[in-house]
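Any read-out appearing in this document is the output of simple, stated calculations on the displayed coordinates, not a laboratory observation. No experiment lies behind these values; they were computed from the predicted model shown. Every residue, glycine as well, gets a Cβ built from its backbone with ideal geometry; the counts of neighbours run over all protein chains shown.
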Amino acid sequence: MLDGAAYNFGFLDEYAKREVRRTILKAIAIPGYQTPYASREMPMGRGFGTGGLQLTLSLIGQSDTLKVIDQGADDSVNAVNLRHFVELTCPGVSTTERTVQATIIQSRHRIPEVLLREDQVLVLQVPYPDPLVVVEASEEKRKTMHGEGDYSRLLTKLYEDIVQFNEITISHRYPTKINGHYVIDPSPIPRYDVPRLHHSPNLILLGAGREKKIYAVPPYTSAVPLAFEDMPFRIENFVDSKGKRHACMRCGCTNSFLDEVISEQGQRQFQCSDSDYCNDQLALKVQHPEGANA
């Protein structure tokens, strides 16, 4: 069992933390640029949030409150393990399941439903940081394309999708242009969350430990998903065949991102992805039945 007292605060040594912080500053100064850094070995496999965890451990202090979520849920295996690791290696740091109480939020695959504040930092775990990898295998060539703002081949890929399926079928990792230049992979967040990157009041940091890259969307920065004038970007609408929006089976909410759940009877049901938001809506429904979904 890992003994937190046997390690430096935050597990990483101070030299590693300083390098990550310098990389963060460069990433903020050049929005969307994939800034390389010396990703450290962590006591977990790469691909399980090591990039996001290194960002969190480099930023967190004893006065911070941390929230860790996986696809919106606080009680998933990935979220619980990462939160427990921080509790072991960062004595004195508080953890919470409430979005409004957190100063640092580390997330896999979702952005919290509640609009974040300027004093909060959102850390997103990223498996593959470069959206150009689907059209160009050479990293050297991809760097040149990013530097020149040449995303014609990526746009062609989207156009081919439209020709074949009559719409852009990308459900997550939707390529998004930051500050009018660099196009990023916004981590596997759903399309529903992509518009919330645009002019967000909080700092958004994205860390890819396996690929050794950090990039950022600074506060109040333009973030525009790639699309065409005659085929605009759209998000998931969660409507049934009659055009009625599905509601959360737990809290009745009709304005959140929903996960599809198959019941024991084989019926399709829907539930809020963000567990904290769902709990708030449920409490509001109990207190004010008519205003819960306002």
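When the convex hull of the C-alpha atoms of the range 149-248 is computed, what volume per residue in Å³ does it have?
Hull volume normalised by residue count: 148 Å³.
Kindly provide the helix-only [θ] at 222 nm of the chain, computed as the sum of -39,500 (n - 2.57) over DSSP H runs of four or more divided by all residues, to the nearest 500 deg cm²/dmol?
Rounded to the nearest 500, the figure is -8000 deg cm²/dmol.
Sorted from fewest to most neighbouring beta carbons within 10 Å, what does the list 183, 114, 93, 126 look like?
With the sparsest Cβ surroundings first, the list reads 114, 93, 183, 126.
No solvent, one uniform scatterer per C-alpha: report log10 I(q)/I(0) for the range 239-294 via the Debye equation at q = 0.26 1/Å, two decimals.
At q = 0.26 Å⁻¹ the computed log10 ratios are -1.03.
Kindly provide the trypsin sites (Lys or Arg not before Pro) of the range 213-294 that DSSP labels as loop, not H, G, I, E or B, and whose Cβ sees at most 13 other Cβ atoms within 10 Å.
Here the trypsin sites (Lys or Arg not before Pro) that fit, given the DSSP loop and packing criteria, are 234, 242, 244.
Please report the relative contact order for the chain, taking Cα pairs under 8 Å with a sequence separation of at least 6, and give it as a percent rounded to a whole number.
Dividing the mean separation by the residue count of the chain yields 20 percent.
With Rg and the Kirkwood Rh both taken from Cα atoms, where does Rg over Rh land for the range 177-218?
Here Rg/Rh amounts to 0.94.
Count the lysine pairs in the chain whose Cα atoms sit under 15 Å apart, keeping only pairs 8 or more residues apart in sequence or on different chains.
Step by step, the pairs that qualify in the chain add up to 7.
Report the chymotrypsin sites (Phe, Trp or Tyr not before Pro) located in the range 192-230 that are in a DSSP loop and have at most 14 other Cβ atoms inside 10 Å of their Cβ, or state none.
Sites meeting the loop and neighbour criteria: 220.
Using the 2.2 N^0.38 Å rule of thumb for compact globular proteins, work out how the chain stacks up: its C-alpha Rg over that value, please.
Output field value: 1.04.
In µm²/s, what is D for the range 1-84 at 10 °C and 1.306 mPa s, where D = kT/(6 pi eta Rh) by Stokes-Einstein and Rh is the Kirkwood radius from Cα pairs?
Result for D is 112 µm²/s.
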